[in-house]
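Enquirer: Take this structure, written in structure tokens, and hold onto it; I'll ask about it next.
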Amino acid sequence: MASKNKITMTRPDDWHLHVRDEKFLASVLPDTAKRFARAIMMPNLTDPVTTTERASEYRDRIINALPNEYKLTFDPLMTLYLTDRTTTSEIKKACDSGFVHAVKWYPAGATTNSAKGVSDIVACYDVLETMAEEGMPLLVHGEVTDPSVDVFDREKVFIDQFLEGILKNFPTLKVVFEHITTEHAVNLVIGASDNVAATITAHHMLLNRNALFKGGIRPHHYCLPVLKRENHRQALIKAATSGNKKFFLGTDSAPHTRSSKENACGCAGIYTSHGGIEFYAEIFDKADALDKLEAFASFHGPDFYGLKRNRDKITLSRATVAIKDSFPFGDEECVPLRAGGSLEWSID
Ligand code: DOR
Ligand code: ZN
């Protein structure tokens, strides 16, 4: 039910999230568990989650770090990190586990902790075949790493050089094109079969690439894929608010310490979990599409993954809520999106 100032909707899930590990977990998990019932946990730890056994151990560390009130209400959905050496038997183990829900393809060198990712996707074809047979989704970081390709073109070139071929060779493989940032990606997904979907972040719909340079260089707006031109931002908003079941919520909230962001070589990643659903409410409201938020945030994801929709509800109200300048993150601090500013919606 959506009115001008209030919306009550099925509790959402976050289909793309980074919570890091060890001492960092407890700093960020409450923001997610307060809002979402489930989240797809990205496997790009410093020592990546390459096996089902590691995924199980990581899952335990996440659950241990959750405040008691969320231990039974929040379900971390685990993923495996694909490498050139991932075996089909490891994939079968993951499928049988019941807690691994996808496999993530990071092209080696594309982003944070991707060095051990895939250097040759053709070497993974047997694994992709097994995933297609088992119905295990492939989550794709869709950017080429070729240094001669302009950083703003890397998603489009990835579509042309890799993704179209994969979709043609594996028509039954479930593919989520993660954190899409361009009109090209929107069009690819719309034109593909029902096995192909995409997550869309709030930050790529809130900011265009000018936000990287407003009055000076803005390291806290640096993420990968990098922010794009205004026409692409508009294409993402149109896709997300269209009601098309192929598009769903994935925050890609990616916390880093302040010192690793405000650095001569700053890390990629924007922390958004403090407004994990509120930022989307703001975007859908401005697009006059609040009535489409529930399906985008709470229905399309579980339907694609073959999981049940959540049953409980949340209520969002129009209200100004201050955002802190920073919050404790392990023994350092993290600067969230719109630090020192405010959210326009609040969760009751
Ligand atoms: O901005 C990003 N941050 N993009 C990614 O692909 C990885 C993520 C991270 O882990 O920090
Ligand atoms: Zn990510």
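The values are calculated or read from the model by the stated rules, or taken from the named source; none is laboratory data. These figures come from a predicted structure and were not determined experimentally. Here the Cβ positions follow ideal geometry from the backbone for every residue, glycine too, while neighbour counts run over all protein chains shown. Heads up: the accessible areas ignore ligands, DNA and RNA and are worked out on the full protein's heavy atoms, side chains in. Shrake-Rupley method; radii C 1.70, N 1.55, O 1.52, S 1.80 Å.
Enquirer: Quick one: net charge of LEU206's neighbours, Cβ under 15 Å, K/R +1, D/E -1? Before the final figure, lay out the partial values.
Expert: Values: positive: ARG209, LYS214, ARG218, LYS228, ARG229, ARG233, LYS238, LYS286, ARG338; negative: GLU230, ASP252, GLU278, GLU282, ASP285, GLU344.
Local net charge: +3.
Enquirer: I've got another one for you. Which whole-Hz ³J(HN,Hα) couplings does the range 281-289 yield from phi under the Karplus relation 6.51 cos²θ - 1.76 cosθ + 1.60, θ = phi - 60°, glycine and proline marked x?
Expert: Values, residue by residue: 4, 4, 5, 5, 4, 5, 8, 6, 9 Hz.
Enquirer: Next up: Would you mind checking which residues have amide H under 5 Å from HIS16's amide H? H placed 1.01 Å from N; only 5 or more apart, or other chain.
Expert: ILE40, THR251, ASP252
Enquirer: Between SER193 and ASN210, what length comes free when the chain is fully extended (0.36 nm per residue of separation minus the Cα-Cα distance, one decimal in nm)? Provide the component values of the computation, followed by the final result.
Expert: Values: separation 17, 0.36 × 17 = 6.12 nm, distance 3.39 nm.
The SER193-ASN210 span can extend by a further 2.7 nm.
Enquirer: Shifting gears a bit: What number, in percent, do you get for the relative contact order of the chain if the mean sequence gap of Cα pairs under 8 Å and at least 6 apart is divided by its residue count?
Expert: Values: 713 pairs, mean separation 66.6, N = 348.
That works out to 19 percent.
Enquirer: How much of the accessible area of the chain, probe 1.4 Å, is carbon plus sulfur, in whole percent?
Expert: Numbers: 7080 of 14360 Å².
Result for the chain: 49 percent of the exposed heavy-atom area is carbon or sulfur.
Enquirer: Taking Cα centroids, how far is the range 275-348 from the range 118-137 in Å?
Expert: 33
Enquirer: In the full protein assembly as shown, how much of TRP105 is accessible to a 1.4 Å probe, in Å² to the nearest 10?
Expert: 10
Enquirer: So what's the back-of-envelope 222 nm ellipticity for the chain, counting only DSSP H runs of four-plus at -39500 (n - 2.57) apiece and dividing by all residues, rounded to 500?
Expert: Helix contribution divided over all residues of the chain: -8000 deg cm²/dmol.
Enquirer: Residues with beta-carbon under 13 Å from that of VAL186, excluding VAL186: net charge, scoring Lys, Arg +1 and Asp, Glu -1? List each step's numbers first, then the result.
Expert: Numbers: positive: LYS156, LYS228, ARG233, LYS238, LYS246; negative: GLU155, GLU183.
Net of charged neighbours comes to +3.
Enquirer: Given the C-alpha atoms of the chain, compute the convex hull and give its volume per residue in Å³.
Expert: Each residue corresponds to 125 Å³ of Cα convex hull volume.
Enquirer: Place a point 7 Å from the Cα of VAL149 along the Cα-to-Cβ direction; which residues of the range 98-119 have their backbone N under 17 Å from it?
Expert: Correct set: 105-112, 114-115, 117-119.
Enquirer: Taking every pair of alpha-carbon atoms in the range 49-189, what share in percent sits in each 10 Å bin, from 0 to the bin with the longest distance?
Expert: Taking every Cα pair in the range 49-189, the percentages come to 11, 39, 33, 15, 2.
Enquirer: If you roll a 1.4 Å probe over the heavy atoms of the protein chains, what accessible area per residue do you get for the range 6-347, in Å²?
Expert: Ligands and nucleic acids excluded, the figure is 40 Å² per residue.
Enquirer: By the scheme Lys and Arg +1, Asp and Glu -1, what is the net charge of all other residues having a beta-carbon under 15 Å from that of PHE304? Write down the numbers at each step before the final one.
Expert: Working: positive: ARG38, LYS174, LYS245, LYS246, LYS308, ARG309; negative: ASP13, ASP14, GLU178, ASP194, ASP303.
Its environment carries a net charge of +1.
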